[in-house]
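Notes follow the structure.
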Amino acid sequence: MSRLILNLRHVPDEEADEVRELLSANGIDYYETPPNRWGITAGGIWLGDESQADRVEELMVEYQTRRAREMRAEHDRRRREGTAETLIDLITRRPLQFIGAAAVVGLILYFSIMPFLWLGG
């Protein structure tokens, strides 16, 4: 039976490439499934040989620990330099997405609170 090693949804290409290199360097038999064309699945990297599951788990824990440490250090460096991305940067880069998300949140709040206001008044 196959086991999912890495779901590729929201995974940067750089990280997926590093995982592929890690698996190949350690002689792990894996295969990939592509994302489907309607966006329901994002694809994944799967373990081909179940007998290697324990080794893959160890490798992935080590890799993810190292990557988290590196990304945290990179983010800290960018914050010190003042180049880290802020909320204002995100809003100015995608203003329509922000306005749409804020409108959806507003509608949800409105429909959640209005029944209580109608009961009280």
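The values are calculated or read from the model by the stated rules, or taken from the named source; none is laboratory data. What you see is a predicted model; the values in this text were computed from it and never measured. Counting neighbours? That spans all protein chains shown, and the Cβs are built from the backbone with ideal geometry, glycine included.
Looking across region 55-89, the residues that are in a helix (DSSP H, G or I) and of a type in the set (S, T, N, Q) come down to Q64, T65. Kindly indicate whether any position in region 35-46 is hydrophobic (A, V, I, L, M, F, W, C) and in a helix (DSSP H, G or I). No, region 35-46 has no match at all. Between E81, E18, the distinction of being farther than 30 Å from A101 by Cβ and either within 18 Å of the chain's Cα centre (by Cα) or exposed (fewer than 11 other Cβ atoms within 10 Å of the Cβ) (or both) belongs to E18 only.
Rundown of residues vs (1) at pLDDT 95 or above; (2) more than 24 Å from L4 (Cα to Cα), yes/no style:
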| residue | (1), (2) |
| --- | --- |
| P35 | no, no |
| W38 | no, no |
| I45 | yes, no |
| Q52 | no, no |
| V56 | yes, no |
| V61 | yes, no |
| D89 | no, yes |
| G100 | yes, yes |
| V105 | yes, yes |
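Which ones in region 1-34 are over 13 Å from V56 (Cβ atoms), outside any helix (DSSP H, G or I) and of a type in the set (A, V, I, L, M, F, W, C)? Passing the criteria: M1, L8, V11.
Residue by residue, here is whether (1) within 21 Å of R9 (Cβ to Cβ); (2) among the hydroxyl-bearing types (S, T, Y); (3) in contact (Cβ under 8 Å) with a residue 40 or more places away in the chain; (4) not assigned by TED's automatic domain parsing to the domain that holds L6 holds:
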| site | (1), (2), (3), (4) |
| --- | --- |
| S24 | no, yes, no, no |
| E32 | yes, no, no, no |
| P35 | yes, no, no, no |
| G43 | yes, no, no, no |
| E62 | no, no, no, no |
| E70 | no, no, no, no |
| T92 | no, yes, no, yes |
| G106 | no, no, no, yes |
| I113 | no, no, no, yes |
